[in-house]
Amino acid sequence: MANLVNELVSGVIDSVLKEILKKTAGRTTTKRKRRKAASATTGRTTRKAASVSRKPARKQVSRRRTAAGRSKQRRA
């Protein structure tokens, strides 16, 4: 009887461990890594868009809040 309970418990523990390890093993790359890995020549852009030369996007600049903006933020 004790042997049967021991087998049952060990079987449950084994299955739980396998489930946990299975979930942690399959990690995907982040969106940033995928973006960096893909280049313009791999077909991310269409031919029409690739032929049109555009200016590069402007760098975002953080703006200081005005007094009115700060008071709005305080009220919200």
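List every residue pair whose Cβ atoms lie under 8 Å apart, where the two residues are 6 or more positions apart in sequence or sit on different chains, the first residue falls within the range 26-37 and is on the phi < 0 side of the Ramachandran plot, and the second residue, located anywhere, is outside any helix (DSSP H, G or I) and at pLDDT below 75.
Final answer for the pair search is 37/29.
Return the only residue of 32, 58, 44 being modelled with pLDDT under 80, part of a loop (DSSP other than H, G, I, E, B) and either charged (D, E, K, R) or in contact with a helix residue (DSSP H, G or I) (Cβ under 6 Å, 6 or more places away or on another chain) (or both).
44
The values are calculated or read from the model by the stated rules, or taken from the named source; none is laboratory data. Since we're looking at a predicted model, the values are computed, not measured. Here Cβ is always computed from backbone atoms with ideal geometry, including for glycine, and neighbour counts include all displayed protein chains.
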